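The block underneath contains the structure these notes are about, expressed in structure tokens.
We did not get these values from a lab; they are worked out from the coordinates using the rules stated. Please read these numbers as outputs of a predicted model, since none were measured by experiment.
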Amino acid sequence: MTMDSPSPSAAPATPLAGIRAAIAQSEKIARRPAGSTTLIAISKTKPVEAIEELIAQGQLVFGENRVQEAQAKFPALREQHPGLELHMVGQLQSNKADDAVALFDCIHSVDRPSLAKALADAMDKAGRRVPCFVQVNIGEEDQKGGCAIADLPQFLDKVHALGLPIVGLMAVPPADVEPAPYFALLAKLARDAGLDQLSIGMSGDFETAVRLGATHVRIGSALFGAR
Ligand SMILES: *Cc1c(COP(=O)(O)O)cnc(C)c1O
């Protein structure tokens, strides 16, 4: 059986297999290179055993949204599985910057000058450079984290001046509306800024995100079940 022409009736053996196949199919439809999307398994609230199960299926990239929870779960896992990669996808307090830099391999939620400065200082101190995404409040929602669209150029100038390794933009579009226009807008903002990575797409909309250029999709419930 080839991965790119599954028979329509063949149900995937696991949620992970189904999501991998759907990502591959979306890459193909968008004429993107196979494997150009990184699947981040978002394991927040899920026990170590559930993470182990995915590792056994070959999934090595995980994401968490709280520093403390990640600290409780991942150091032991990493000892057993040295290839693990851990991404921070939640709002981050500046006073957790040192812990975050020590623990994570990528931070998706850089959204304000105070945090950018704290992360830059923490990276200097630790002698460790952690790639970062700037999170954009793409739906201009009051409650949501992320840099305002209007402030983005200025904020990017600031993070570049601080020497933060910024690789792309991240966003969580408004719930319950068609996400494609928001993904497309984020892609345009990234292009305008000369950034080539896009962290977009969750359980409900990752195929759309991949078609619109996601380099990282962040998938929780579709992999692990409802939280
Ligand atoms: C929880 C979370 C996800 C995963 O959401 P699902 O709908 O469960 O796939 C993705 N991104 C962020 C920032 C999250 O907090």
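Which three lengths, in whole Å and largest first, does the chain cover when its Cα atoms are put on their principal axes?
Over the chain, Cα extents along the principal axes are 52, 40, 30 Å.
Which of K44/K73; K44/K188; K96/K117; K117/K144 have a Cα-Cα distance over 18 Å?
Too far apart for the 18 Å limit: K44/K188; K117/K144.
Can you give the three extents of the C-alpha atoms in the range 129-226 along their principal axes, from longest to shortest, in whole Å?
Result for the range 129-226: principal-axis Cα extents of 41, 28, 24 Å.
What does DSSP give for the chain in terms of the percent of beta bridges that are antiparallel, rounded to the nearest 5?
If we restrict to bridges inside the chain, about 0 percent are antiparallel.
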